[in-house]
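Notes for the one structure printed next.
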Amino acid sequence: MKKVSYQRHRFPPQIIQHAVWLYARFTLSYRDIEDLLAERGVDISYETVRCWFLKFGELIARNLRSSRPTPNDVWHLDEMVIVIRGKRPWLWRAVDSEGEVLDFLVQSKRNTKSALKLMRKLLKKQGFAPTRILTDKLKSYHKAFRILGMTAEHIDHKRSNNRAKNSHLPVRRRERKIQKFKSPGSAQKFLNIHSTTYNNFYIQRHLINRTFLKQCRAEAFSVWETASAAA
């Protein structure tokens, strides 16, 4: 992991790290975080929070990704519509069978070319091919897999891909909170930071007891602190 430099900033790294964490972790606006910090005696503007998130969020996300364990080899792929300045591009998304976000891509079309682009990005980033892929009934996936020569089991039965569809819910909440994304580039950048933070703090608490939950939560905070540590 690379240390993050907070030089030439008036506020100490701990305040900057906390502001970035609040925005990346919870469904809050920049003004919400301004009020939360003001209650604790930190007088900053929401614009300062925005600049901190854009400047440091991507660096922290890169460190978090480098510390993540290898995901499993069962992938769920899905697409959902987002609204950007009156247009309706598609957010292509991939998660593994445990709900960890593997990758995503904002694209204007829902066709074979878009499916190919997502799969090539996934294979390059993950470094291995899956053994099973679950999708909806979009036929573009079948053609894309044939072009790539993939041998993974492909399942596209009705409701077999609920894992990926449920993973869209946090994005929908954030989209409503920020009153829609402003451009495909800003959506890609924000979701890159948001999904990485989500992966780090995502705990299937319904499957574990309270003691183990506390241990997992402590580990997640420890990884975040290491990823955002000052140089």
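The values are calculated or read from the model by the stated rules, or taken from the named source; none is laboratory data. The shown structure was predicted, so the numbers you read here are calculated from the model rather than taken from an experiment. Cβ placement follows ideal geometry from the backbone for every residue including glycine, while neighbour counts extend to all protein chains displayed.
Every condition in (1) in the same structural domain as Lys177 (by TED's automatic domain parsing); (2) buried (at least 19 other Cβ atoms within 10 Å of the Cβ) holds for Lys109 except the one numbered (2).
Going through (1) surrounded by 18 or more Cβ atoms within 10 Å (Cβ to Cβ); (2) not assigned by TED's automatic domain parsing to the domain that holds Pro170 one by one, Asp78 falls short only on (2). If we scan segment 26-46, do we find a residue that is crowded, with 17+ Cβ neighbours inside 10 Å, β-branched (Val, Ile, Thr) and over 23 Å from the mean Cα position of the chain (by Cα)? Scanning segment 26-46, I find at least one residue that is crowded, with 17+ Cβ neighbours inside 10 Å, β-branched (Val, Ile, Thr) and over 23 Å from the mean Cα position of the chain (by Cα), so the answer is yes. So which residues in segment 15-59 are under 21 Å from Ser222 (Cα atoms) and of a type in the set (Lys, Arg), if there are any at all? Across segment 15-59, the qualifying residue is only Arg25.
Asp73: charged (D, E, K, R) and buried (at least 16 other Cβ atoms within 10 Å of the Cβ), yes or no? Spell out how you get there, then give the answer.
Values: charged (D, E, K, R): yes; buried (at least 16 other Cβ atoms within 10 Å of the Cβ): no.
Considered against the rule, which asks whether it is charged (D, E, K, R) and buried (at least 16 other Cβ atoms within 10 Å of the Cβ), Asp73 comes out as no.
Would you check which residues across segment 83-106 are closer than 24 Å to Phe181 by Cα, in contact (Cβ under 8 Å) with a residue 40 or more places away in the chain and loosely packed, with under 15 Cβ neighbours inside 10 Å and list them? Spell out the reasoning first.
Initially, segment 83-106 is screened for residues closer than 24 Å to Phe181 by Cα, giving 83-95, 99-106.
Add one more test, that the residue is in contact (Cβ under 8 Å) with a residue 40 or more places away in the chain, and what stays is 83-85, 89, 91, 93-95, 99-101, 104-106.
Once the filter is applied, which keeps residues that are closer than 24 Å to Phe181 by Cα, in contact (Cβ under 8 Å) with a residue 40 or more places away in the chain and loosely packed, with under 15 Cβ neighbours inside 10 Å, segment 83-106 yields Val83, Arg85.
Please pick out the residue among Leu105, Leu91, Leu54 that is out of contact with any His (no Cβ under 6 Å at 6 or more places or on another chain) and assigned to a helix (DSSP H, G or I). Result of the check over Leu105, Leu91, Leu54: Leu54.
Looking only at segment 174-220, which residues are assigned to a loop (DSSP other than H, G, I, E, B) and either over 22 Å from Ser66 (Cβ atoms) or over 19 Å from the mean Cα position of the chain (by Cα) (or both)? Working first, answer last.
Filtering segment 174-220 down to residues assigned to a loop (DSSP other than H, G, I, E, B) leaves 178-180, 182-183, 202-204, 208-209.
Those that are assigned to a loop (DSSP other than H, G, I, E, B) and either over 22 Å from Ser66 (Cβ atoms) or over 19 Å from the mean Cα position of the chain (by Cα) (or both): Ile178, Gln179, Lys180, Lys182, Ser183, Gln204, Ile208, Asn209.
Are any of the residues in segment 122-131 at pLDDT below 90 and either under 25 Å from Asn199 (Cβ atoms) or among the small types (Gly, Ala, Ser) (or both)? No; the residues of segment 122-131 include none that is at pLDDT below 90 and either under 25 Å from Asn199 (Cβ atoms) or among the small types (Gly, Ala, Ser) (or both). On the stretch given as segment 124-135, residues that are part of a helix (DSSP H, G or I) and either over 21 Å from the mean Cα position of the chain (by Cα) or surrounded by 15 or more Cβ atoms within 10 Å (Cβ to Cβ) (or both) total 1. The single residue among Leu102, Leu148 that is of a type in the set (A, V, I, L, M) and in contact with a strand residue (DSSP E or B) (Cβ under 6 Å, 6 or more places away or on another chain) turns out to be Leu102.
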